[in-house]
Amino acid sequence: MSEELSAWQLIASGDATLFAIVRLSLAVTLSAVAIAAVIGLPLGALLALARFPGRSAVVVVLNGFMGLPPVIVGLSVYLLLSRSGPLGEFGLLFTPAAMVIAQAVLVLPIIAALTRQTIEDLWHEYREELTAMDVGPLGQVATLLWDSRFSLFTALLAGFGRAAAEVGTVMIVGGNINGFTRTMTTTVALETSKGNLPLAVGLGLILIFLIILINAAAWGVRLWSEQRAG
Amino acid sequence: MMRAASSDLPLVLDRVSLSAGPVTMLDCLSLTITPGAPTLVVGPNGSGKTSLLRLCMGLAAPSAGSVSWGGRTDRGPARRAILFQKPVMLRRSATANVVYALGQAGCPRRLRAARAAELLERVGLLGLANHPARRLSGGEQQRLALARALARDPEILLLDEPTASLDPAATRFVEEIILMAAQSGTKVVMASHDLGQVRRLAGDVVFLVRGRLCAHAASGDFFEYPSTPKAAAFIRGDLVL
């Protein structure tokens, strides 16, 4: 029997282990993206509007951090959360919470940098009108975030894609503990090296399917709302 | 919306210059704008019409000299509105654009919807109220921007060639809205290079050439007795450089 066939059977049979893994992966990634969005959207907007010495350097570093190697993020968060680390007392290492933190750190620069670019472009367009309408700084940020919501949605998707697909950080800080911190990507890595290809292939298929599904939904939402708001 | 007791008029530009790097947009220009019929600002391209309007709005600070509104140089833009030559539509519906301007102008939330509908009707866009503003045609966007400017219930309304890209019918429509605003007590200051339009609308005419005030006269006098050779040439339709 080919591996693909048994992978499909695994999915079709509604294997409990498999779906627990899928659930955990989604929960971790969505939480991480949500946290990164709450911090990254205002931060990016602020950086787009603020003018201070060294701003260019901050922008360059932030853009550079979009390509942070996941293992380096994993290692850094590992050091922070390990028993002897500064946050060791919370005992978060090898828990889903640690994975959320690590993935949030990973996608925060992506969301913040893309937000900065989007908001800055829109600001160039809106500046005179908003100034003429006497809009204060907070109002400006709110207006710019709202009016670029569709582009920012894409930024969130980019963050989601990055977090959902990566394996290095969650492997390091989560530990790939069976039934507790095992995600789709770490399972694929593990099962492949063990030679259990049906499960690896099955999870791979589900992962790709989910990412396409979420992007398709986002595309639909974007199309629909653009027609309404221009 | 209640008007504050103090007034933005007269608007006084006192020996104002505006330059960016080596480029001088306005050069030692003095001008007093008083209540009354519309003031039309004319002159060739690059003569400083837009710069003058931006100074009047308070969007730019003069490099030299001073701009004062009702005797004060520190007055915010609360009682002024400007219509840019290429207005930028917010990425929202036509109504939402007007509602936004109303909100910024301090209109109470519960009155905004009704007031926005009123303004849209005034500019002939009620039928397109729910359309995305950025999908409107150029002329429609211009009228929506005018509604947005009027939403501020301005004492001074600054208009930068609002009909430059419009056909005669649309131009007439916009001119009627502007005249209506002027008749209800708004001071209109409008840049134009359409002499027919200047004749139709102007109470007084400000003629700029290369950032300098070349003439400032009542409309009739400007056309009948041009005070400078350049003004005379401009009125004849000759090229003024």
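Yes or no: the stretch A:85-92 includes at least one residue that is among the aliphatic types (A, V, I, L, M), in contact (Cβ under 8 Å) with a residue 12 or more places away in the chain and on the phi < 0 side of the Ramachandran plot. Scanning the stretch A:85-92 turns up no residue that is among the aliphatic types (A, V, I, L, M), in contact (Cβ under 8 Å) with a residue 12 or more places away in the chain and on the phi < 0 side of the Ramachandran plot.
So in the stretch A:116-140, with the set limited to residues that are of a type in the set (Val, Ile, Thr) and facing chain B (nearest Cβ under 9 Å), which one is farthest from A:Leu41 (Cα to Cα)? Filtering first and then ranking leaves A:Thr131. Taking the listed residues A:Val22, A:Val28, the one that is at pLDDT 95 or above and either of a type outside the set (Gly, Ala, Ser) or part of a loop (DSSP other than H, G, I, E, B) (or both) is A:Val28, with no other qualifying.
Which condition number in (1) assigned to a loop (DSSP other than H, G, I, E, B); (2) closer than 23 Å to B:Ser165 by Cα; (3) without any contact (Cβ under 8 Å) to a residue 40 or more places away in the chain is the one that B:Gly127 fails? Exception for B:Gly127: condition (1). Comparison of A:Gly179, A:Gly159 shows that the only residue that is closer than 30 Å to A:Ile206 by Cβ, in contact (Cβ under 8 Å) with a residue 40 or more places away in the chain and within 16 Å of the chain's Cα centre (by Cα) is A:Gly159. Just one of the listed residues (B:Val174, B:Val205) is under 23 Å from B:Leu119 (Cβ atoms) and in contact (Cβ under 8 Å) with a residue 24 or more places away in the chain, and it is B:Val174.
Can you find, within the stretch A:118-140, the residue that is surrounded by the most Cβ atoms within 10 Å (Cβ to Cβ) among those that are of a type in the set (S, T, N, Q) and either touching a Phe, Trp or Tyr at 6+ places or on another chain (Cβ under 7 Å) or closer than 24 Å to B:Leu146 by Cβ (or both)? It comes out as A:Gln140. The set of residues from the stretch A:116-142 being more than 22 Å from A:Val58 (Cα to Cα) and within 28 Å of the chain's Cα centre (by Cα) comprises A:Gly139, A:Ala142.
If you go through the stretch A:42-63 one residue at a time, do you hit one that is in contact with a Ser or Thr (Cβ under 7 Å, 6 or more places away or on another chain), under 21 Å from A:Ala142 (Cα atoms) and not β-branched (Val, Ile, Thr)? Yes, the conditions are met somewhere in the stretch A:42-63. Would you check which residues across the stretch A:165-213 are within 18 Å of A:Gly91 (Cα to Cα) and aromatic (Phe, Trp, Tyr) and list them? Passing the criteria: only A:Phe180. Within the stretch A:1-42, the set of residues being among the aliphatic types (A, V, I, L, M) and farther than 20 Å from A:Gly161 by Cβ comprises A:Met1, A:Leu5, A:Ala7, A:Leu10, A:Ile11, A:Ala12, A:Ala16, A:Leu18, A:Ala20.
The number of residues in the stretch B:29-43 that are more than 10 Å from the chain's Cα centre (by Cα) and crowded, with 17+ Cβ neighbours inside 10 Å comes to 5.
The values are calculated or read from the model by the stated rules, or taken from the named source; none is laboratory data. No experiment lies behind these values; they were computed from the predicted model shown. Counting neighbours? That spans all protein chains shown, and the Cβs are built from the backbone with ideal geometry, glycine included.
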